[in-house]
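Single-structure report; data block below.
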Amino acid sequence: MVYGDAHLVGVENKLFAGVQNPLGDYREHLRREAEGREVALVLLCLFAPQPVLEGVVVVTYEEFLGRVRRDLGSYAADVPAQYLTFALDSPGPRS
């Protein structure tokens, strides 16, 4: 979980596995922990599952790495080299 002053974000990372997790239970856990903060559950995955559970934000790795590359210039000097290499070597968004 990522705790912020106004937000609580949970991330379920599914790189090499299908989505078999009880995402509804995860979302409810976040709500219980929120203490007044806005809650978001993010599913980070290779392919968006169908159907998508209500209240779950799906972000594919293609979208994620596209956003990382788009904004990388602003932060590249502060990024450890192995992560910078990973972001640049990973396949980009399909046209």
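A few comments on the model shown:
- Extreme residue, least open to solvent (accessible area, probe 1.4 Å), among residues of the stretch 1-33 that are small (Gly, Ala, Ser) and closer than 25 Å to Pro51 by Cβ: Gly10
Residues checked against (1) closer than 17 Å to Lys14 by Cβ; (2) among the acidic types (Asp, Glu); (3) in a helix (DSSP H, G or I):
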| position | (1), (2), (3) |
| --- | --- |
| Arg32 | no, no, yes |
| Glu54 | no, yes, no |
| Glu63 | yes, yes, yes |
| Gly73 | no, no, yes |
| Ala87 | no, no, yes |
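- Answer residue from the stretch 53-71, given it is basic (Lys, Arg) and open to solvent by 70 Å² or more (accessible area, probe 1.4 Å) and is nearest to the chain's Cα centre (by Cα) among those: Arg67
- Within the stretch 34-52, considering residues that are of a type outside the set (Gly, Ala, Ser) and part of a strand (DSSP E or B), the one most open to solvent (accessible area, probe 1.4 Å): Glu38
- Residue count for the stretch 10-35, restricted to those that are among the basic types (Lys, Arg), within 17 Å of the chain's Cα centre (by Cα) and farther than 11 Å from Val56 by Cα: 1
The values are calculated or read from the model by the stated rules, or taken from the named source; none is laboratory data. All values derive from a computational prediction rather than experimental measurement. Glycine gets a Cβ as well: all are built from the backbone with ideal geometry, and neighbour counts include every protein chain shown. To get the accessible areas, we keep the full protein, side chains included, count just its heavy atoms, and leave off ligands, DNA and RNA. Shrake-Rupley method; radii C 1.70, N 1.55, O 1.52, S 1.80 Å.
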